[in-house]
Amino acid sequence: MRRSQLFVKTRRDAPSDETARNAQLLIRAGYIHKEMAGVYTFLPLGLKVLNNIANIIRKEIDAIGGQEILMPALQIKERYEKTGRWDDKVVDDWFKTWLVNGTELGLGFSHEENLSPLLKNFINSYRDLPIAPYQIQTKFRNELRSKSGLMRGREFLMKDMYSYAISEEQHKAFYEKAKLAYQKIFDRLGIGGQTFLTSASGGSFSKYSHEFQTLSKAGEDTIYLDRKKKIAINKEVFNDEVIKDLDLTRNELEEVRAIEVGNIFNLGTKFSEPFGLKVLDKQGKSVELIMGCYGIGISRVMGTIAELLSDDKGLIWPEAVAPFKIYLARLGDAQDTVRAAEKTYNELTEAGVKVLYDDRRDASAGEMFADADLMGLPLRLVVSQKSLQEGSAELKNRTSESTQLIRLDKLVETIANNQ
Ligand code: ATP
Ligand code: MG
């Protein structure tokens, strides 16, 4: 992509009412635009990041047998009355609306009430199980406070998967697979080293649920972490019994702030029973299905990465989620510089390397370098009169800040192999 064709501009300052570091950086770098508290537009580069994150999740979830669907945002009131979740005192973050004829509807905050009735049409026997439909979809939540930028949206992108099993045993087998898939996902997203499996409150069907918590001062949660064993306990369930259950030692636990990037939950029969979702098991006995749910806040993950992987100059994207691999800056518009930069851009693009080419004639070197740092692409490549005198371009790594001159005829192979 050519920078001259990108309609978005970077800005020196974030809006004064934006207090979250992740949103400040993402707004300044032109990835997102703030509409109101907790509601953002994803601009071209921001949407690429969001999609990259979603696609990594998709691959790993497909690999454990998840099947992607897309459910509606508009929700039917009667279904939530069946499960007791229509009442605003029970679910305090509902957005509700109505049809022209006055029928009340809700905007989905989660989709258990959608999926269980849906599956009644398709699941007739234990042979149909286990299954795990999932979706990547916008959720609506009327959050009381939305001051954490992308990390607490009122409208946000979530991956939500729901598993259905014939028995506790079958449920557990899938649950454990999902746990491993989640850790893999956070590894691939570049935050695996700081993300820890955390026992949290479990509802009525299992003693604990599991959260994936990423260490950050900007986090809203407090957890007690055993760094060696790489597991943690959420403050909400922290007591001697849990410490013992998990075979941990109190004085080896560190109290730290963290961001809940995902969670997995045993829902038991809570959403099968009200909808009569039951089938005959092998012995011919009618049993209600055991359900699990598995969420990842995709936009929250994007905010988390911005929060963790950044410095005072700007963002530092891991290559797997970066919108482009290279920021190619062309300094000056001398004919041979333009020719060399265009050639480099074309060759890299043809080799499948994603390049953002700063071809602006009215931007100074200083502006280009500041933008490259702010936008946080993994590599910066500079083609200038000076570098061309050596038949080279200058390559800089955003993370290590190391620079090297690379001969133009070796550029494509060097960059395609540079991790
Ligand atoms: P929290 O305790 O942070 O409010 P939650 O327990 O309400 O989270 P779930 O309902 O389980 O979260 O949602 C699944 C995932 O969606 C969470 O693990 C989190 O990553 C993400 N998520 C939840 N609320 C938001 C939000 N307001 N904005 C962005 N992501 C969110
Ligand atoms: Mg919540």
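The values are calculated or read from the model by the stated rules, or taken from the named source; none is laboratory data. Quick caveat, the model's predicted, so the values are computed rather than measured. Counting neighbours? That spans all protein chains shown, and the Cβs are built from the backbone with ideal geometry, glycine included. SASA here: full protein model, heavy atoms, side chains in, ligands and nucleic acids out. Shrake-Rupley method; radii C 1.70, N 1.55, O 1.52, S 1.80 Å.
For this structure, a couple of remarks:
- Residues that are of a type in the set (S, T, N, Q) and open to solvent by 10 Å² or more (accessible area, probe 1.4 Å) within region 304-315 comprise just one, SER310.
- Matching option when the condition is more than 21 Å from the chain's Cα centre (by Cα), away from ligand 2 (no atom under 16 Å from the Cβ) and under 24 Å from PHE109 (Cβ atoms), among SER201, SER206, SER163: SER206
- Which numbered condition TRP98 misses (of (1) within 16 Å of ligand 2 (Cβ to nearest atom); (2) farther than 23 Å from PHE271 by Cα; (3) open to solvent by 70 Å² or more (accessible area, probe 1.4 Å)): (1)
The rows are residues; the columns are (1) more than 16 Å from ligand 2 (Cβ to nearest atom); (2) open to solvent by 20 Å² or more (accessible area, probe 1.4 Å); (3) on the phi < 0 side of the Ramachandran plot.
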position: PHE238; (1), (2), (3): yes, yes, yes
position: LEU246; (1), (2), (3): yes, yes, yes
position: GLU255; (1), (2), (3): yes, yes, yes
position: ILE259; (1), (2), (3): no, no, yes
position: LYS270; (1), (2), (3): yes, yes, yes
position: GLU273; (1), (2), (3): yes, yes, yes
position: LEU277; (1), (2), (3): yes, no, yes
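- Near pairs, Cβ below 8 angstrom, 6+ apart or cross-chain, from region 254-279 (closer than 16 Å to SER163 by Cβ and among the hydrophobic types (A, V, I, L, M, F, W, C)) to any residue that is within 13 Å of ligand 1 (Cβ to nearest atom) and in a loop (DSSP other than H, G, I, E, B): PHE265/GLY202; PHE265/GLY203; LEU267/GLY203
- Flag if GLU350 is over 23 Å from the mean Cα position of the chain (by Cα), open to solvent by 50 Å² or more (accessible area, probe 1.4 Å) and not assigned by TED's automatic domain parsing to the domain that holds LYS59: yes
- Subset of region 120-156 (residues that are near ligand 1 (Cβ under 8 Å from one of its atoms) and closer than 21 Å to GLN75 by Cα): LYS139, ARG141, GLU143, GLY153, ARG154, PHE156
- Residue ID - surrounded by the most Cβ atoms within 10 Å (Cβ to Cβ), chosen from residues in region 197-225 that are of a type in the set (Asp, Glu) and assigned to a strand (DSSP E or B): GLU211
- Counting the residues of region 226-270 that are under 30 Å from GLU113 (Cβ atoms) and either touching a Cys at 6+ places or on another chain (Cβ under 9 Å) or part of a strand (DSSP E or B) (or both) gives 12.
- Selection count where residues are farther than 22 Å from TYR357 by Cβ, free of Cβ contacts under 8 Å to residues at least 12 places away in the same chain and assigned to a helix (DSSP H, G or I), scope region 15-62: 3
- Total residues in region 316-341, condition out of contact with any Phe, Trp or Tyr (no Cβ under 8 Å at 6 or more places or on another chain), open to solvent by less than 50 Å² (accessible area, probe 1.4 Å) and either in a strand (DSSP E or B) or without any contact (Cβ under 8 Å) to a residue 24 or more places away in the chain (or both): 3
- Against the criterion of being under 22 Å from TRP317 (Cβ atoms) and in contact (Cβ under 8 Å) with a residue 40 or more places away in the chain, GLN194 qualifies.
- Residues in region 131-152 that are more than 15 Å from THR19 (Cβ to Cβ) and either in a strand (DSSP E or B) or within 15 Å of the chain's Cα centre (by Cα) (or both): ILE131, PRO133, TYR134, GLN135, ILE136, GLN137, THR138, LYS139, PHE140.
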